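The values are calculated or read from the model by the stated rules, or taken from the named source; none is laboratory data. Keep in mind the model is a prediction, meaning the values are calculated, not measured. Neighbour counts run over all protein chains shown; Cβ positions are idealised from the backbone, glycine included.
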Amino acid sequence: MAEIHRLTQAAYDRLAAELEELRTVGRIELANRIEEARSHGDLKENAEYHSAKEEKSKMEARVARIFSILEHHEIVEAGGEGLIDVGSVVTAHYDDEGPDDAEKYMLGSIEERTDDDVHVVSPTSPMGEALIGKAVGDTVSFETPGGTQSVVITHVE
């Protein structure tokens with residue numbers, strides 16, 4: 001049985017658009033690059049050709065990954081009633097640090113990240129499991145390889 005990916009509607013829409021772009025424009029552009037590189041002669045020593053073929057392979061892997069996610073997904077509402085759930089963006093700081101050291105964490109899949117300033121936390125990770133269902137003001141503890149960590153939740157979006 002395939003893993004069910006819990007996505008917000010915005011993440012689903014973004015992935016569907018990326019998949020369409022890769023399947024259409026992306027494939028055409030790479031096919032043109034490969035054909036252009038092929039026309040330059042000997043393929044054994046043609047770095048441009050090998051680079052384009054490698055990029056095509058990576059793109060096809062991305063297409064397969066997105067397709068699998070969209071095929072096995074569940075749409076969830078982000079942050080209902082101030083409680084943390086998949087799709088929530090949580091601002092928190094470690095309990096041994098001050099609020100000025102707070103960082104943003106998005107609970108979900110790396111596929112959902114829209115902002116490079118937000119760290120992605122898997123809902124199945126120790127921190128992710130500890131955050132689900134909590135609210136602003138809560139302190140949650142979780143086990144890491146380095147020992148028990150605690151964070152104070154200061155904001156939920």
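Taking segment 1-56 on its own, how many of its residues are among the charged types (D, E, K, R), within 30 Å of SER88 (Cα to Cα) and exposed (fewer than 11 other Cβ atoms within 10 Å of the Cβ)?
Result for segment 1-56: 1.
Can you tell me which of GLY128, GLY146 is free of Cβ contacts under 8 Å to residues at least 60 places away in the same chain and over 14 Å from VAL89 (Cβ atoms)?
Values: GLY128 fails: over 14 Å from VAL89 (Cβ atoms).
Answer to the selection: GLY146.
Pick from segment 144-156 the residues that are more than 18 Å from ASP100 (Cβ to Cβ) and surrounded by 12 or more Cβ atoms within 10 Å (Cβ to Cβ): which of them is modelled with the lowest pLDDT?
Among them, the one singled out is VAL156.
Conditions tested, residue by residue: (1) free of Cβ contacts under 8 Å to residues at least 60 places away in the same chain; (2) in the same structural domain as GLY147 (by TED's automatic domain parsing).
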| site | (1), (2) |
| --- | --- |
| GLU36 | yes, no |
| GLY41 | yes, no |
| GLU45 | yes, no |
| GLU60 | yes, no |
| GLY87 | no, yes |
| LYS104 | yes, yes |
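Among the strands (runs of 3 or more DSSP E) contained in segment 40-116, which hold 2 or more residues that are within 14 Å of the chain's Cα centre (by Cα) and at negative phi?
103-107
Does SER125 count as surrounded by 13 or more Cβ atoms within 10 Å (Cβ to Cβ) and within 25 Å of HIS5 (Cβ to Cβ)?
Spelling it out, SER125 is indeed surrounded by 13 or more Cβ atoms within 10 Å (Cβ to Cβ) and within 25 Å of HIS5 (Cβ to Cβ).
Criterion first (of a type outside the set (Ser, Thr, Tyr), within 29 Å of GLY137 (Cβ to Cβ) and modelled with pLDDT under 90) does LEU83 satisfy it?
So LEU83 fits the description; yes.
Which one of these does GLY133 not meet: (1) under 26 Å from GLU74 (Cα atoms); (2) of a type outside the set (D, E, K, R); (3) surrounded by 12 or more Cβ atoms within 10 Å (Cβ to Cβ)?
(3)
Condition check: under 22 Å from ARG14 (Cα atoms), out of contact with any Gly (no Cβ under 6 Å at 6 or more places or on another chain), surrounded by 15 or more Cβ atoms within 10 Å (Cβ to Cβ) and among the β-branched types (Val, Ile, Thr). Does ILE69 satisfy that?
Working: under 22 Å from ARG14 (Cα atoms): yes; out of contact with any Gly (no Cβ under 6 Å at 6 or more places or on another chain): yes; surrounded by 15 or more Cβ atoms within 10 Å (Cβ to Cβ): yes; among the β-branched types (Val, Ile, Thr): yes.
Answer is yes for this residue.
Go through segment 86-121 and give me each residue that's at pLDDT 90 or above and polar (S, T, N, Q).
Correct list: THR91 only.
Of the numbered conditions (1) within 30 Å of SER150 (Cα to Cα); (2) not small (Gly, Ala, Ser); (3) not assigned by TED's automatic domain parsing to the domain that holds GLU129, ILE28 fails exactly one; give the number of that condition.
For ILE28, the failing item is (1).
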